[in-house]
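Heads up, the thing below is written out as structure tokens.
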Amino acid sequence: MRPLHPALVTLVAMLAFAGNSLLCRVALRDTAIDPASFTSLRIVSGALVLWWIVRLRAGARPAAAMAGNWASACALFVYAAAFSFAYVSLATGTGALLLFGAVQATMIGVGLWRGERLGAAQTAGLVLACAGLVGLLLPGLSSPPLAGAMLMLASGVAWGIYSLRGKGAGDPTQVTAGNFMRATVPAIVLSLATLPLARLDLAGSAYAIASGALTSGIGYAIWYAALRHLRATTASTVQLSVPVIAALGGSLLLAEPLTARLLWASAAVLGGIALVILRKPAR
């Protein structure tokens, strides 16, 4: 059977990433499930699917359990937990934009700390992106709730740290599977700590399992397959589409408004980040 075209594989991965935001938002807005239970179900189902994928590739070797490390697993857990609690109050597109902006800002900031230098166009892009995020968060009728926004920014920082720690750590699917398996421990602890507030229903549980198994577990595996055919700058640039897809999905499927503030903030943040990552940094 002919392998799928890399562009199609990449598109499916971007749809999966945007799907995480849509599934989490609809579950926490329209069903009874609480954010801690959503987080636990997402991580556990993602761990099971990734373990199954690794077992299919590696035969009988229990490679997934040995890959990864606890520090990365904790960063993964913080990302997933803050993501869930943020989407209690944030619209889909706003949450995805804040998440993506924080991820890229974290990775760019670490690069600068490690000695990378920005040219004039890159500096202008970074300033533009920061201005877009600040403008999105300024008080006003269409500004997102501050608590939800801060949680999503924290989620993005955690995902940026997780991504940086994963560079050169070995087979990415095996490493992610191992980290997901370890992250089940703090996820279950979180659910036990918030047990008096726990609420579960069939629809919310189904959304959480779909988020973990399909858009996280299988989605990440598809993304790692696509990465083999993409340059680093292309891989970074194509992720600019995720907040756009999420915002369109939220508008079409969840009837969320596309406000003027979100549109111009998206243009500033995504355009500014594009300027930074499309120019090769100097040392």
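In this simple spin-label approximation, Tyr224 and Leu263 carry label points 7 Å from Cα along the Cα→Cβ vector, and these lie 4.0 nm apart. For the stretch 173-283, the calculated P(r) over all alpha carbon pairs, in 10 Å bins from 0 to the bin holding the longest distance, is 11, 26, 31, 26, 5, 0 percent. Helices assigned as whole DSSP H runs in the chain whose Cα atoms extend at least 24 Å along their own long axis and whose mean Kyte-Doolittle hydropathy is -1.0 or higher are found at 6-30, 35-58, 92-113, 120-137, 146-166, 172-193, 260-278. With q set to 0.11, 0.14, 0.16, 0.26 Å⁻¹, the log10 of I(q)/I(0) for the stretch 123-208, from the Debye formula over equal scatterers at the Cα positions, is -0.57, -0.86, -1.01, -1.23. Projecting the alpha carbon convex hull of the stretch 104-162 along each direction and taking the average yields 4.5 nm².
Based on the alpha-carbon set only, what is the convex hull volume of the chain divided per residue, in Å³?
Values: hull volume 38.1 nm³, N = 283.
Dividing the Cα hull volume of the chain by its residues yields 135 Å³.
Normalised by the number of residues in the chain, what is the relative contact order in percent for Cα pairs under 8 Å and 6+ residues apart?
Working: 431 pairs, mean separation 119.4, N = 283.
Reported as a whole number, the value is 42 percent.
Based on the mean of other Cβ atoms within 10 Å per residue, sort peptides 105-115, 263-273 so the most packed one is first.
263-273, 105-115
Note on the chain: with a GNM built from Cα contacts shorter than 10 Å, the maximum mean-square fluctuation among Arg29, Arg165, Arg231 falls on Arg231. Here Val127 and Leu202 are evaluated by their C-beta separation; at R0 = 35 Å the FRET efficiency comes out at 0.15.
Readers should treat all values here as calculations from the given coordinates under stated rules, not as data from a laboratory. As the structure is a computational prediction, the values presented were derived from the model and not from experiment. For neighbour counting, all protein chains shown are included, and Cβ atoms are generated from backbone atoms with ideal geometry for every residue, glycine included.
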